[in-house]
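Everything below concerns the one structure shown next.
The values are calculated or read from the model by the stated rules, or taken from the named source; none is laboratory data. Predicted model, so just to flag it, every value in this text is computed and none were measured. Cβ coordinates were reconstructed from backbone atoms using ideal geometry, including for glycine residues, and neighbour counts include every protein chain displayed.
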């Protein structure tokens with residue numbers, strides 16, 4: 001890979017890693033969760049929907065699992081859903097929920113989401129195997 005390609009690649013990955021501290025910092029900076037509740041709600045919903053689309057394309061489509069172009073979809077999808085949960089919990093604070101309860105709901109939703117992803121992975125392995133019998137007939 002050329003030097004320009006390496007710079008673009010590393011800047012992309014560093015930018016992805018900076019999304020998490022920026023998401024957490026947005027709950028206190030730039031007006032905080034109290035003044036920017038609607039913005040946090042909309043950004044959280046956008047991250048949740050885009051993360052679900054990224055993740056479920058690889059889960060539900062056998063051809064996407066066989067193609068290397070969709071290799072990082074599950075990583076990006078789970079990361080975007082993680083950021084969406086944090087932003088939605090911050091939006092709850094802006095709408096009057098006590099901060100300790102919003103933090104507790106954030107942790108509970110992350111744990112339940114991880115359990116749900118595990119069962120989705122089990123279901124996709126059982127009900128949608130990577131081989132397709134009807135194509136080989």
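Condition test on residue 97, is it over 17 Å from residue 19 (Cβ atoms) and either in contact with a strand residue (DSSP E or B) (Cβ under 7 Å, 6 or more places away or on another chain) or not in a helix (DSSP H, G or I) (or both)? Yes, satisfied.
Could you please let me know if residue 5 is surrounded by 16 or more Cβ atoms within 10 Å (Cβ to Cβ), in a helix (DSSP H, G or I) and out of contact with any helix residue (DSSP H, G or I) (no Cβ under 7 Å at 6 or more places or on another chain)?
On the way: surrounded by 16 or more Cβ atoms within 10 Å (Cβ to Cβ): no; in a helix (DSSP H, G or I): yes; out of contact with any helix residue (DSSP H, G or I) (no Cβ under 7 Å at 6 or more places or on another chain): yes.
Taking the combined requirement at face value, the residue does not satisfy it.
With respect to being closer than 30 Å to residue 126 by Cβ and in contact with a helix residue (DSSP H, G or I) (Cβ under 9 Å, 6 or more places away or on another chain), residue 68 falls outside the description. Do we have any residue at all in segment 44-60 that's over 30 Å from residue 95 (Cβ atoms), modelled with pLDDT under 75 and either surrounded by fewer than 17 Cβ atoms within 10 Å (Cβ to Cβ) or out of contact with any helix residue (DSSP H, G or I) (no Cβ under 6 Å at 6 or more places or on another chain) (or both)? Yes - at least one qualifying residue is present in segment 44-60. For segment 50-69, the set of residues classified as touching a residue at least 24 places away in the same chain (Cβ under 8 Å) and within 22 Å of residue 116 (Cα to Cα) consists of 50, 51, 52, 53, 54, 55, 59, 60, 62, 65, listed by residue number.
Confirm whether residue 27 is exposed (fewer than 12 other Cβ atoms within 10 Å of the Cβ) and touching a residue at least 40 places away in the same chain (Cβ under 8 Å). Working first, answer last.
Numbers: exposed (fewer than 12 other Cβ atoms within 10 Å of the Cβ): no; touching a residue at least 40 places away in the same chain (Cβ under 8 Å): yes.
Against the criterion (exposed (fewer than 12 other Cβ atoms within 10 Å of the Cβ) and touching a residue at least 40 places away in the same chain (Cβ under 8 Å)), residue 27 does not qualify.
Each row is one residue, and each column tells you yes or no for (1) loosely packed, with under 12 Cβ neighbours inside 10 Å; (2) without any contact (Cβ under 8 Å) to a residue 60 or more places away in the chain; (3) over 20 Å from residue 116 (Cα atoms).
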| site | (1), (2), (3) |
| --- | --- |
| 12 | yes, yes, yes |
| 23 | no, no, yes |
| 39 | no, yes, yes |
| 87 | no, no, no |
| 91 | no, yes, yes |
| 95 | no, yes, yes |
